[in-house]
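This report refers to the structure that appears directly beneath it.
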Amino acid sequence: MGTLYIIITGVAGLLLGFFLSKMAQKSLLNKLEREAQDKATLIVREAEISAENIRKDKMLEAKEHYLKKKSEFEEEVSRRKNQMVTNENKLKQKEQNLSKEIEQFKRKEIETEKLQENLAAQLDVIAKRKEDLEKIKQQQVNILEKAANLTADDAREQLIEALKDEAETKASSLIKDIMEEAKLTATKEAKKIVISTIQRTATEHAVENCVSVFNIESDDIKGKIIGREGRNIRALEAATGVEIIVDDTPEAIIISGFDPVRREIARLSLHRLVQDGRIHPARIEEVVAKTIKNIEEEVVEIGERTVIDLGIHGLHPELIRMVGRLRFRSSYGQNLLQHSREVANMCATMASELGLNAKLAKRAGLLHDIGKVWPDEPEQPHAILGMEFAKKYKEHPEVLNAIGAHHDEIEMTSLISPIVQACDAISGARPGARREIMDSYIKRLKELEELAMNFDGVNKCYAIQAGRELRVMVDADNVSDQKAGQLSFDISQKIEKDMQYPGQIKVTVIREMRSVSFAK
């Protein structure tokens, strides 16, 4: 019983505690709910206040914007109104000026009508007077005809014939006097002009040869240039087409070749190889290829420098390049560029003496021999080739005629043409300017090379040792060793048959086999 009471009492206590805890929780929940409602009310009130403030700010901004736009609109309206007033005033002023001009025009029109009336009256008077004069003239003619027993036409014809005979007699006498005076003074004046031109033009008296000298610092370099078993010097001769002579001459190597371009390429290539120090066949071919490219650039620079020195403007770049190529060509031993510069200066001087266009004369003198450096070398005369080349680049017609006619291939149609012809002859005929043998010698060497190039399998061909040896490089893939020997014999027989030459010519056919691989 006591135990049951304890249990009941404990249960009752637990129930009472649970009830009390529920009551406390409910009270706490009610309190939290009231606090939340208060906070929500406060937040809503604050939001309403903030919204009202924002609304007021926006209203103020909108009002300010409206007032600003209104002010700007009023200013624009005022400005346009003032402009309209100004334009209206200008228009009124123009209307007034126009009214004045119309009134003046009307007055002038009235005055013109009066003048026309007066002029018509004067014309009537003149016509009447003209009729009276014609009548008087006819009466006088009738009187003269009766007195001379001739009509007016017969008298006019007789007078004309008499005047004609007298004029012909005086004209023939005058022409005869002028011709005699011209014959007496023409030769003297021409000599005077030519002498003055030559005296005012400085010239050089040296002629070119076929040998260049390459100076070296010591003779030890000669061994490097020759190479093992002569392979370096052979590679250099094959790449440049000249003969390299390494002898006992102290600190000098001789470069022999009839083509100035080849000699210059060989000289510059030797200079670079000696400076670099690496001399072997592959390096030689690389340096020669670069030198050939540099020579082309130098040709353009020489042409540009020449036209600048002579004061010639507006020359086409291709013509400038052809002028530069003249530096490496010669005619009868005379350098073509120096010859052309000399002719240009003398043409300008002579044209000035004769009162002609000195600039055109100088231009024609510079370009007169560009046909000699035509790359393809066709069969036409160099004067015609030069004229066609200059015509292609729109040169002046007088310049074209002077180029084409300086050797009488075409008819001269300009006064500049005989000047260019005379100056060309003066430049070539002065003492020491040319050697006839030189030109024929170079022509023979070129023909020798061209003859060998016509055979199949020939890649390159060079005439060396003053034309006593012909070196022929052949393609190793197409020409065998046996065929190389036969090719050498065939070329020598062709030379004997088609050419005339002193002494004998050695024909050397070189066949080189190369195997090239790349390690990657």
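The values are calculated or read from the model by the stated rules, or taken from the named source; none is laboratory data. The structure displayed is predicted, hence computed values, not measured ones. Neighbour counts run over all protein chains shown; Cβ positions are idealised from the backbone, glycine included.
Structure notes:
Let's see how each residue does on (1) in contact (Cβ under 8 Å) with a residue 12 or more places away in the chain; (2) under 21 Å from Val261 (Cα atoms); (3) in a loop (DSSP other than H, G, I, E, B):
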{"site": "Arg283", "(1), (2), (3)": "no, yes, no"}
{"site": "Ile292", "(1), (2), (3)": "yes, yes, no"}
{"site": "Glu301", "(1), (2), (3)": "yes, yes, no"}
{"site": "His339", "(1), (2), (3)": "yes, yes, no"}
{"site": "Cys347", "(1), (2), (3)": "yes, no, no"}
{"site": "Met387", "(1), (2), (3)": "yes, no, no"}
{"site": "Ala390", "(1), (2), (3)": "yes, no, no"}
{"site": "Lys394", "(1), (2), (3)": "yes, no, yes"}
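- Test: residue in segment 254-263 that is in contact (Cβ under 8 Å) with a residue 40 or more places away in the chain and among the polar types (S, T, N, Q): yes
- Close Cβ contacts (under 7 Å, 6 or more residues apart or on different chains) running from residues in segment 403-430 that are touching a residue at least 40 places away in the same chain (Cβ under 8 Å) and not assigned by TED's automatic domain parsing to the domain that holds Met387 to residues that are in a loop (DSSP other than H, G, I, E, B) and not basic (Lys, Arg) are absent.
- Verdict on Asp475 being under 19 Å from Pro281 (Cβ atoms), outside the structural domain of Ile233 (by TED's automatic domain parsing), of a type in the set (D, E, K, R) and without any contact (Cβ under 8 Å) to a residue 24 or more places away in the chain: yes
- Options Glu33, Glu76: the member that is within 60 Å of the chain's Cα centre (by Cα) and either surrounded by 10 or more Cβ atoms within 10 Å (Cβ to Cβ) or assigned to a helix (DSSP H, G or I) (or both): Glu76
- Unique residue being under 38 Å from the mean Cα position of the chain (by Cα), loosely packed, with under 15 Cβ neighbours inside 10 Å and not assigned by TED's automatic domain parsing to the domain that holds Leu366 when the list is Glu229, Glu251, Glu217, Glu296: Glu296
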